[in-house]
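Step one of this worksheet: look at the structure below.
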Amino acid sequence: MKTIKFQLEELTCPSCINKIESVLNRESGVYEAKVLFNSSKVKVDYNEDEVQPQKLASIIEKLGYPVLSPRTF
């Protein structure tokens, strides 16, 4: 399992949290996606054999939230 955090542009509404988390948590290979609203970050625990960070970033951006930078742990 790997963890990545994506820095997003400022999140402005609490409904953004549900939208991002629900879509990412349905993605194959994602163990847990959690939005950190106050810091505008998305933390994702994932299986690198099933999904890559680029795909996760693409999903977030397709929802309308530009990804400024990813960082893996």
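The values are calculated or read from the model by the stated rules, or taken from the named source; none is laboratory data. The structure displayed is predicted, hence computed values, not measured ones. Note that we place each Cβ from the backbone using ideal geometry, even for glycine, and neighbour counts take in every protein chain shown.
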Residue count for segment 61-73, restricted to those that are in a strand (DSSP E or B) and among the basic types (Lys, Arg): 1
Would you tally the residues in segment 34-73 being polar (S, T, N, Q), in contact with a strand residue (DSSP E or B) (Cβ under 6 Å, 6 or more places away or on another chain) and farther than 23 Å from Cys13 by Cβ? 1
Complete set of residues in segment 44-60 that are out of contact with any Asp or Glu (no Cβ under 8 Å at 6 or more places or on another chain), assigned to a helix (DSSP H, G or I) and under 16 Å from Lys34 (Cα atoms): Pro53, Ala57, Ile60
Single residue of segment 4-41 satisfying the filter (farther than 16 Å from Lys62 by Cβ and among the acidic types (Asp, Glu)) that is surrounded by the most Cβ atoms within 10 Å (Cβ to Cβ): Glu32
Selection over segment 1-10 where residues are more than 23 Å from Gln52 (Cβ to Cβ) and at pLDDT 95 or above yields a count of 0
Of those in segment 11-36 that are within 17 Å of Pro70 (Cβ to Cβ) and part of a loop (DSSP other than H, G, I, E, B), the residue modelled with the lowest pLDDT is Leu11
Please verify whether segment 42-53 includes one or more residues that are at positive phi and either surrounded by fewer than 17 Cβ atoms within 10 Å (Cβ to Cβ) or at pLDDT below 95 (or both). no
